[in-house]
Amino acid sequence: MQGLHAIYPELEFEHVLTRGGWYRLGGVVDGDYQRVSDNIAQWAQSESGGDVEQLLVNHMDSGYFATRLAGKTHYFNACIGESAEDFVQLEIEELSEVLDRSLTDPDWFPESLEEFLDPIDYPRLEPEAVARPYYLYRRITPINQLLHQPARETRLISNIRHFIKDWGQSSAGQQARFCSHWILALREYVDSDGQTNVNAKPVSGFNGNAPGLPDAALLSGATLARAVHEYDRHMGYPFSWFFMMLSSQSKNFQLADAVLRDQMGAYDYLPARDLKVLRDWEARPYSV
């Protein structure tokens, strides 16, 4: 964190989430793990001239190994304004180059360079490190600007704006900052017009460690009230079940229906501001 403050002294970043389990293609090393190439794709193209069969013939007995970059992404957010969407998101990657597989196998004949580079059905090695882990800057994103760029307007972006606005109008926004509990997982893609665009997905700081939502098929009335309040206490902010519901599978929407039925009956366990958000959602359902 001291390093981030030195680079961005005007921003107070806090770590919100780390996501792992992804990888990129790495390089090529010999039998002693000495570097042959940092980039297996460039190396394979150069060595093969586009002919994968020739590449296999040339290196069948080389004893080389392909590596991969096992990655984690660390997300840091910094609040820059009063609105829930006023924050800057910084992504830092932690990369570790590890053994992936033997470069060739006598019984394996890929049909293309693409299959050679990242085969689906191929015996993998234990991911032994071949270099020291290192950190890599990925990107920094002013989220309020991202969500209001006309060129990037999509239904999903519109729903995310609605999601964050609902946070600000609910009791969650009265007690906690959105950027202290959520990140936006961003993915760039090229659309049908050849334009670079961005997909975004809100991800809770609990990530895969959040508890399951209360089961509306089994609970109602006082038991459902206790369940949603206990869920909020576990997550650390009020009305958390609503936002987790919107970022999960639509089958969980029955939870909102059950809470609304209770509010129209003898039970009144939601603050007025949360009930308004919930009723607005009922009139125009959406998810993220």
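What percent do you get for the relative contact order of segment 2-140 when only Cα pairs under 8 Å and 6+ apart count?
Relative contact order here is 26 percent.
Dipole magnitude of the chain about its Cα centre, charges +1 at Lys/Arg Cβ and -1 at Asp/Glu Cβ only, in debye to the nearest 20?
The dipole of the chain has a size of about 1580 debye.
Treating only the Cα positions of segment 2-140 as identical point scatterers, give the base-10 log of I(q)/I(0) from the Debye formula at each q in 0.09 Å⁻¹.
Per q value, in the given order, log10 I(q)/I(0) is -0.39.
Based on the Cβ-Cβ distance from residue 153 to residue 264, what FRET efficiency comes out when R0 is 35 Å, to the nearest 0.05?
0.45
Between 225, 78, 272, which gets the highest mean-square fluctuation from a Gaussian network model of the chain, Cα cutoff 10 Å?
Its mean-square fluctuation being the largest, the pick is 272.
Give the span of the chain's Cα atoms along each principal axis, as three whole-Å numbers ordered largest to smallest.
Principal-axis extents of the Cα atoms in the chain, largest first: 78, 47, 39 Å.
Between residue 18 and residue 46, with labels modelled 7 Å along Cα→Cβ, what's the label distance in nm to one decimal, could you check?
Placing both labels 7 Å along Cα→Cβ, they lie 3.4 nm apart.
Starting at the first residue of segment 60-72, write each ³J(HN,Hα) from the Karplus equation 6.51 cos²θ - 1.76 cosθ + 1.60 with θ = phi - 60°, in whole Hz, x for Gly and Pro.
4, 10, 6, x, 7, 10, 8, 10, 9, 9, 7, x, 10
For segment 196-288, what log10 I(q)/I(0) values come out of the Debye formula at q = 0.13, 0.14, 0.15 1/Å, with one point per alpha carbon and no solvent?
Values, matching the q order: -0.43, -0.50, -0.57.
Is the shape of segment 120-232 best called rounded, prolate or oblate, per the rule: a/c under 1.5 gives rounded, else a/b larger than b/c gives prolate, else oblate, with a ≥ b ≥ c the square roots of the Cα gyration tensor eigenvalues?
Verdict is oblate for segment 120-232.
By how many nm would the segment from residue 287 to residue 7 grow when fully extended, if each residue of separation counts as 0.36 nm and the alpha-carbon distance is taken off?
97.2 nm
Magnitude of the Cβ-charge dipole of segment 79-194, K/R +1 and D/E -1, about the Cα centre, nearest 20 debye?
920
Do you know the relative contact order of the chain, to the nearest whole percent, from alpha carbon pairs under 8 angstrom that are 6+ apart?
15
Find the relative contact order for segment 151-288 and round it to a whole percent, using C-alpha pairs within less than 8 Å whose residues are 6+ positions apart.
28
Taking segment 21-86, which GluC sites (Glu not before Pro) meet the DSSP loop condition and have no more than 10 other C-beta atoms within 10 Å?
For GluC sites (Glu not before Pro) across segment 21-86 that sit outside H, G, I, E and B with at most 10 neighbouring Cβ atoms in 10 Å, the list reads 82.
Mean shadow of segment 57-99, computed from the convex hull of its alpha carbons, in nm²?
4.7
Just report the Cα centroid separation between segment 242-281 and segment 108-142, whole Å.
44
Read the figures in this text as sums done on the coordinates, not as results from a lab. In this text, all values refer to a predicted model and were calculated from it rather than measured experimentally. Reconstructed Cβ throughout: ideal geometry from the backbone, glycine too, with neighbour counts over all protein chains shown.
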